[in-house]
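To start, the structure itself, in structure tokens.
The values are calculated or read from the model by the stated rules, or taken from the named source; none is laboratory data. It should be emphasised that the depicted structure is a prediction, and the values quoted were computed from it without experimental measurement. A quick note on method: Cβ atoms are made from the backbone with ideal geometry, for glycine too, and the neighbour counts reach across all protein chains shown. The protein model used for the area step is the full one, side chains on, heavy atoms only, and it has no ligands, DNA or RNA in it. Shrake-Rupley method; radii C 1.70, N 1.55, O 1.52, S 1.80 Å.
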Amino acid sequence: MLLADIKQMYRQILVDEGDTPLQRIVWRTSPEAPMQTYELKTVTYGTASAPYLATRVLQQLAEDDNERFPRAAKVLRRDFYVDDLFSGADSIQDAINLQKQLDQLLRKGCFELRKWASNVAAVLKDVSPENRAVQSSVDLDRDQCLKTLGLHWEPAPDHLRYRINLPESPPEQPLTKRIALSHIARLFDSLGLLGPVVTSAKLFMQALWGLKNDDGKCWDWDQELPSAATSFWKSYLSQLILLNELRIERCILHSNPNSVQLHIFSDASERAYGACAYVRSTDSSDLVKVALLTARSKVAPLHHQSIPRLELCGALIAAELYKKIMLSLQLQPETFF
């Protein structure tokens with residue numbers, strides 16, 4: 001696996017001169033200094049068009065130098081998320097060649113790749129130490145507000161892990177709907193690998209929305225929750241920290257597999273429904289490896305639905321999940337539903 005990001009990406013991209021007046025700012029170094037007017041010439045962070053412009057420049061760079069750097073151009077189109085690279089190769093030598101091609105191709109556009117990381121140290125042997133990722137685990141969570149439950153990658157053992165760090169409430173502070181929902185909103189599981197854990201939180205949240213007081217009105221945001229709800233939530237939070245010990249093997253396939261199958265399961269109950277996808281691969285010795293790839297789940301509506309209808313909803317999620325997987329995978333596995 002290869003990870004890297006582009007240093008100061010936006011600052012390397014010039015904006016058309018006809019559009020720079022739209023990026024005009026006024027500035028002065030002190031209240032006594034005269035006002036000065038500037039026009040920003042490069043793509044500016046915070047503008048709505050910035051991510052698109054940056055991505056479009058990378059795509060054009062891949063088009064312009066496709067013949068000279070075919071491997072890197074393909075990765076540039078497919079494996080970049082704005083300024084972040086997430087890619088890999090089938091062999092160490094292929095990964096080394098890819099790293100060199102990407103570095104050369106990006107430099108053609110005055111972009112500098114840095115914070116290189118790989119699960120194989122030999123891949124980065126020609127990368128200068130200052131351009132390597134120094135942290136022992138690389139944070140894959142781009143949204144800073146979700147930092148309490150972000151997905152992390154440990155390069156050496158090549159494991160994915162979760163880091164749970166929900167804020168602690170004072171012991172004397174009563175549990176309210178506002179506090180519980182703020183905790184639930186921090187749970188982040190981009191791959192769906194924590195489906196059963198997150199679904200329990202979703203069901204609890206659904207129960208909170210249905211709470212009524214003695215007058216038949218919705219439960220107040222800052223009113224202490226009933227003892228049963230408080231007991232469940234405290235028990236849930238006390239076990240949530242155990243996810244910090246969970247390690248998930250990142251590589252889901254055998255190296256050079258003879259066959260690859262995709263198995264998608266869906267099911268439903270009165271409370272929730274969902275789907276999950278497993279990848280099954282075999283090597284030349286007929287050894288089998290099975291790994292959970294991704295999953296999705298939803299809670300059932302509050303108004304009653306029949307089990308057959310909910311199972312159809314689960315089947316729909318399975319079909320949507322399959323479509324998304326096939327857009328991401330670089331192979332055509334035999335598929336079973």
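Partners of Lys108 within straight-line reach, counting lysines whose Cα lies under 21 Å from its Cα and excluding those fewer than 8 residues away in the same chain: Lys7, Lys41, Lys74, Lys100.
With 20 Å bins beginning at zero, the pair-distance distribution over Cα atoms of the chain amounts to 22, 48, 28, 2 %.
So which GluC sites (Glu not before Pro) in the stretch 26-91 pass both tests, a DSSP loop state and at most 14 other Cβ atoms within 10 Å of the Cβ? Please list the in-between numbers first.
Working: sites: Glu32, Glu39, Glu63, Glu67; in loops: Glu32, Glu67.
Answer by residue number: Glu32, Glu67.
Relative intensity of the stretch 28-101 on a log10 scale, I(q)/I(0) at q = 0.11, 0.14 Å⁻¹, equals -0.45, -0.59, per a Debye sum over C-alpha point scatterers of equal strength in the absence of solvent.
Take every DSSP beta bridge whose two residues both sit in the chain; close to 90 percent of them are antiparallel.
Taking a straight Cα-Cα cut-off under 27 Å and skipping sequence neighbours fewer than 8 places away in the same chain, the lysines within cross-link reach of Lys289 are Lys323, Lys324. Shape class of the stretch 248-337 from the alpha-carbon gyration tensor: prolate, with a/c at 1.5 or above and a/b greater than b/c.
What trypsin sites (Lys or Arg not before Pro) does the stretch 43-90 have in DSSP loop regions with at most 16 other beta carbons within 10 Å?
On the way: sites: Arg56, Arg68, Arg71, Lys74, Arg77, Arg78; in loops: Arg68.
For trypsin sites (Lys or Arg not before Pro) across the stretch 43-90 that sit outside H, G, I, E and B with at most 16 neighbouring Cβ atoms in 10 Å, the list reads Arg68.
Evaluated at q = 0.15 Å⁻¹, a Debye calculation over the C-alpha positions of the stretch 1-54 (equal weights, vacuum) places log10 I(q)/I(0) at -0.55. Only DSSP H runs of four or more residues enter the estimate; each adds -39500 (n - 2.57), and after division by the residues of the chain the mean residue ellipticity at 222 nm equals -9500 deg cm²/dmol. Take the alpha carbon gyration tensor of the stretch 149-205, find the square roots of its eigenvalues, order them as a ≥ b ≥ c, and report rounded if a/c is under 1.5; if not, report prolate when a/b exceeds b/c, else oblate. It is oblate, given that a/c is not under 1.5 and a/b is not larger than b/c.
Once a ≥ b ≥ c are taken as the square roots of the eigenvalues of the Cα gyration tensor of the stretch 224-283, is the result rounded (a/c under 1.5), prolate (a/b larger than b/c) or oblate (a/b not larger than b/c)? Oblate, since a/c reaches 1.5 and b/c is not below a/b.
Element breakdown for the stretch 223-302 at a 1.4 angstrom probe: carbon and sulfur atoms account for 52% of the accessible area. Under 10 Å, Cα contacts only: if you run a Gaussian network model on the chain, which one of Leu160, Leu191, Leu302 comes out with the highest mean-square fluctuation? Per the Cα network of the chain with a 10 Å cutoff, Leu302 tops the list. When only Cα pairs below 8 angstrom with a gap of at least 6 residues are kept, the chain shows a relative contact order of 12 percent. The listed peptides 103-116, 268-281, 220-233, 172-185, ordered by packing as a protection proxy, come out as 268-281, 103-116, 172-185, 220-233 (highest mean of other Cβ atoms within 10 Å first).
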